[in-house]
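> Below you will find the structure I want to go over with you.
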Amino acid sequence: MKIHEYQAKALLAKYGVPVPRGEVAFSVEEAEAIAKRLGGRVVVKAQIHAGGRGKGGGVKLAHDAVEAAEVARKILGMTLVTHQTGPEGRVVQRVLVEETLPIAREMYLGLVLDRTAGRVVFMASSEGGMDIEEVAAKSPEKILKVSLEPGLGLAAFQARDLAFGIGIAAPQVAAAAACMTALARAYEGLDASLAEINPLVLTTDGNIVALDAKVNLDDNALFRHKDVVELRDLNEEDPLEVDASRFGLNYIKLDGNVGCMVNGAGLAMATMDIIKYAGGNPANFLDVGGGATAEQIRNAFRILLSDRHVNAVLINIFGGILRCDTLATGVVSAARELHVSVPVVVRMEGTNVEQGRQILADSGLNFTVAYDMKDAAEKVVRLAA
């Protein structure tokens, strides 16, 4: 689950990460009032779930409250296009009005799970205020990494080593190390999948402050964080993905024209790969899970077909916990209810596969049956074209 910058800063502040003074505004009047409370000179920042907001015109400096209102009027309601939003952009519905700081240096801090090592990795770089991917590509030696021991977090000596390593002077090392350890505690305490401060700034008066922050939360742990669930902004998510989440379905919209419904994330990835290999483009990632019910199958089919770009559908199921007859029953029910007009290719193997194929055959509907993944991919790509 993604959250906004102002929400991320509020969560990190609870763990001791120093952040600028600021408040969120949903209207021009609120922005002006906040600027007055902060002393007039502020920065107004668009709040959307995407990076690159400054380059897209979503971050502006205001010298007083009147100018803050003018800037907020321009940003609120604008469609902000960045390299992360895609050409369609995102409509800005809220802004963060924040105090300005005298910046001497910009740095980077971040935590992410290294799945290869099976450890959380803490990263620090002297190159802040820019995409960390760009730093990794051009100057990988400027990114320092430390693997965290499970249960111990970031040790004080590791934080000090990182602080010295990214060029922080001795008088500020203790403050920087404290910020790092606070960020690591927040990552663990919030069950985050990503925690990032970019940039972390050293001010001209010697303070260490998180000027920007990004936190992504692990959906699987949200049951432990009822208060954090309330931070979810459905306006920032694809409507089909929101709909799918209500039924426990893993759905991600893509830009192709072949709809995919699969059980199991690994099989779903392989299905998308083989569609590409056959010359097609998947329209989505849709994992109905190993124990899906006929009702979930019906809703998955409905959501998949709600994408107007879908020209054909590939259903690729291995019947283990999800039996093939259960799948077939759900697919037939959904096809009849939704009056499906696009070709549907079904490939299934496993428990009760013959019963499942018989249900499809007896339905009177025009399903195309495939007997292996290569056959299924070639058929659905041909039908989609």
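The values are calculated or read from the model by the stated rules, or taken from the named source; none is laboratory data. Keep in mind it's a predicted model, so treat the numbers as computed, not measured. FYI the Cβ positions are ideal-geometry reconstructions off the backbone, even for glycines, and counts take in every protein chain you see. Please note that ligands, DNA and RNA were not included when accessible areas were found on the heavy atoms of the full protein model with its side chains. Shrake-Rupley method; radii C 1.70, N 1.55, O 1.52, S 1.80 Å.
> Of the conditions (1) touching a helix residue (DSSP H, G or I) at 6+ places or on another chain (Cβ under 6 Å); (2) within 15 Å of Asn250 (Cβ to Cβ), Ala294 fails just one. Which one is it?
It fails just one condition, (2).
> Oh, and also: May I ask you to list the residues in segment 232-244 that are over 14 Å from the mean Cα position of the chain (by Cα) and either under 18 Å from Ser193 (Cα atoms) or basic (Lys, Arg) (or both)?
The answer is none; no residue qualifies.
> Have a look at Glu70, Glu98 and point out the one that is at pLDDT 95 or above, charged (D, E, K, R) and open to solvent by less than 70 Å² (accessible area, probe 1.4 Å).
Glu98
> Still on this model: Restricting attention to segment 328-351, report how many residues are surrounded by 18 or more Cβ atoms within 10 Å (Cβ to Cβ), farther than 16 Å from Ser306 by Cα and of a type outside the set (Gly, Ala, Ser).
Residues in segment 328-351 being surrounded by 18 or more Cβ atoms within 10 Å (Cβ to Cβ), farther than 16 Å from Ser306 by Cα and of a type outside the set (Gly, Ala, Ser): 6 in total.
> Please note which helices (runs of 4 or more DSSP H) are completely contained in segment 155-230 and include at least 1 residues that are over 20 Å from the mean Cα position of the chain (by Cα) and among the charged types (D, E, K, R).
Helices (runs of 4 or more DSSP H) meeting the threshold: 156-165, 170-189.
> Considering only residues of segment 105-120 that are surrounded by 13 or more Cβ atoms within 10 Å (Cβ to Cβ) and of a type in the set (A, V, I, L, M), which is farthest from Val59 (Cα to Cα)?
Per the stated criteria, the residue is Val120.
> Just for helices (runs of 4 or more DSSP H) wholly inside segment 283-372: which have at least 2 residues that are under 30 Å from the mean Cα position of the chain (by Cα)?
Per the criteria, 294-305, 324-338.
> Note down all Cβ pairs under 6 Å where the first residue falls in segment 289-312 and is at pLDDT below 80, the second is in a helix (DSSP H, G or I) and open to solvent by 60 Å² or more (accessible area, probe 1.4 Å), and they're at least six residues apart or on different chains.
Ala294/Thr329
> Condition first: surrounded by 13 or more Cβ atoms within 10 Å (Cβ to Cβ), without any contact (Cβ under 8 Å) to a residue 40 or more places away in the chain, part of a strand (DSSP E or B) and in contact with an Asp or Glu (Cβ under 6 Å, 6 or more places away or on another chain). Can you find one or more residues in segment 126-135 that meet it?
For segment 126-135, residues surrounded by 13 or more Cβ atoms within 10 Å (Cβ to Cβ), without any contact (Cβ under 8 Å) to a residue 40 or more places away in the chain, part of a strand (DSSP E or B) and in contact with an Asp or Glu (Cβ under 6 Å, 6 or more places away or on another chain): absent.
> Taking the condition of being farther than 24 Å from Val353 by Cβ and open to solvent by 40 Å² or more (accessible area, probe 1.4 Å), how many residues in segment 278-301 meet it?
So the count comes out to 2.
> Out of Ala385, Ala370, Ala361, report the one residue that is open to solvent by 60 Å² or more (accessible area, probe 1.4 Å), aliphatic (A, V, I, L, M) and under 18 Å from Pro282 (Cβ atoms).
Exactly one of Ala385, Ala370, Ala361 is open to solvent by 60 Å² or more (accessible area, probe 1.4 Å), aliphatic (A, V, I, L, M) and under 18 Å from Pro282 (Cβ atoms), namely Ala385.
> Let me ask something else. What are the pairs with Cβ atoms under 6 angstrom where one residue, in segment 1-15, is free of Cβ contacts under 8 Å to residues at least 12 places away in the same chain and the other, located anywhere, is polar (S, T, N, Q)? Sequence gap at least six, or different chains.
Close Cβ pairs satisfying both conditions: none exist.
> Restrict the check to segment 371-382 and report whether at least one residue is basic (Lys, Arg), out of contact with any strand residue (DSSP E or B) (no Cβ under 9 Å at 6 or more places or on another chain) and within 23 Å of Val310 (Cβ to Cβ).
Yes - at least one qualifying residue is present in segment 371-382.
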